[in-house]
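None of the figures in this text is laboratory data; all of them are computed from the coordinates on show. A quick note: this is a predicted structure, and the numbers were derived from the prediction, not measured. Positions of Cβ are backbone-derived with ideal geometry, glycine not excepted, and every protein chain shown enters the neighbour counts.
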Amino acid sequence: MADGAEKTLAKAIVGGPRHVAIIMDGNGRWAQARGRPRLFGHHAGARRVRDIVSSCPDLGVEYLTIFAFSTENWKRTQTEVSGLMNLFRRYIMKEMQALLRENVRVRFIGDRPRLDEKLRDLMDEAEEFTRHCTGLNLTIALNYGGRDEVSRATKRLAQDVAAGRLSPDDVDEETLPKYLDTCVLPDPDLVIRTSGEARISNFLLWQSAYAEYEFVDTLWPDFTPEIFTGLLCAYGARDRRFGAVSA
């Protein structure tokens, strides 16, 4: 999309989402439909991430969270898992300078210890190098699962209670979010899933309690900034009541 056209559409997004989360699904099917291995689709999907990241500032999106690898994805073939881990390492190394130029701050959420040391080091470097950036906040969910996140957060909360740093009487629904991986992020306003699947796949379970959802048939490598813009415009027309009644 041309810059001018994108900015014109951005002006039309009244009340657009501040935080968008995306379940990037369909890379494998996209590749198989072209007679190529699944990893070919994952590489195409990684290139699509760049397009969506670049479109966010002009569309008023301040936070973008993308689901890159789930705790359940370890069940895939060793070839695919190894290929994905190599892709993540190359992506971080290749994209870091571009993200810095675009003033994008990078964060990772998920259970890091299972990831290999080189990848963890690159993740740490990416977070440190972009810490000063004040533009888009890009959060990459890597070895992430919503139930796993809540379990880890609950364990840390219980440890604080056991150590006397927190009283059980002070624990309420505002307490647990402080222990989640996303403790420094606002809850997502809009969650998008590509590829035609209508499920959330253990993604941001606590945080998306009042998010709006969009399930689209488009496979992730075909998910263009134009499609993204259309979904943001549709979000702006929704009546978000949070359990109340419209005036």
note = The answer for the chain, counting only DSSP H helices whose Cα atoms cover 15 angstrom or more along the axis and whose Kyte-Doolittle average is 0.0 or greater, is 225-236
ask   = Given the chain, what percent of its DSSP beta bridges are antiparallel, to the nearest 5?
value = 0
inquiry  = If amide hydrogens are placed 1.01 Å from N in the peptide plane, which non-local residues have theirs closer than 5 Å to the one on Thr65?
reply    = Val20, Ala21, Ile22, Thr139
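Can you show me the helix-derived [θ] at 222 nm for the chain, built from DSSP H runs with n ≥ 4 at -39,500 (n - 2.57) apiece and divided by the number of residues, rounded to the nearest 500. Write down the numbers at each step before the final one.
Details: 7 runs with 100 residues, N = 247.
Calculated at 222 nm, the ellipticity per residue is -13000 deg cm²/dmol.
Can you put Tyr235, Tyr213 in order, fewest other beta carbons within 10 Å first? Let's see the in-between values first.
Details: Tyr235 19, Tyr213 14.
Lowest to highest Cβ neighbour count: Tyr213, Tyr235.
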request  = Enumerate the calculated ³J(HN,Hα) couplings along segment 61-68 in order (Karplus 6.51 cos²θ - 1.76 cosθ + 1.60, θ = phi - 60°), each rounded to whole Hz, writing x wherever the residue is Gly or Pro.
outcome  = 7, 9, 10, 10, 10, 10, 8, 8
ask   = Which loop trypsin sites (Lys or Arg not before Pro) in segment 10-60, with loop taken from DSSP, have no more than 12 other Cβ atoms within 10 angstrom of their Cβ?
value = Arg34
remark   = Ordering 64-70, 185-191 by per-residue average of other C-beta atoms within 10 angstrom, highest first, gives 64-70, 185-191
key: Computed over segment 132-247, Kirkwood Rh from alpha-carbon pairs, angstrom   = 16.8
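Quick check: net charge around Ser195, other residues with Cβ under 9 Å of its Cβ, Lys/Arg +1 and Asp/Glu -1? Could the numbers behind the result be given before it?
Numbers: positive: Arg29, Arg193; negative: Asp25, Glu197, Asp217.
Here the count lands on -1.
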request  = With no solvent and one equal point scatterer placed on each C-alpha of segment 15-235, evaluate the Debye formula and give log10 I(q)/I(0) for q = 0.07, 0.11, 0.14, 0.17 Å⁻¹, two decimals.
outcome  = -0.22, -0.55, -0.90, -1.32
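Given a cut-off of under 8 Å on Cα pairs at least six residues apart, what relative contact order in percent is computed for segment 102-247?
Once normalised by length, the contact order is 20 percent.
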remark   = Residue by residue through segment 197-208, the couplings from Karplus 6.51 cos²θ - 1.76 cosθ + 1.60 with θ = phi - 60°, in Hz, x for Gly and Pro, are 7, 10, 8, 9, 6, 6, 10, 6, 4, 6, 5, 9
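If packing is taken as the mean number of other Cβ atoms within 10 Å per residue, what is the order of 51-57, 126-132, highest first?
Values: 51-57: 19.3, 126-132: 14.3.
By packing density, highest mean first, the sequence is 51-57, 126-132.
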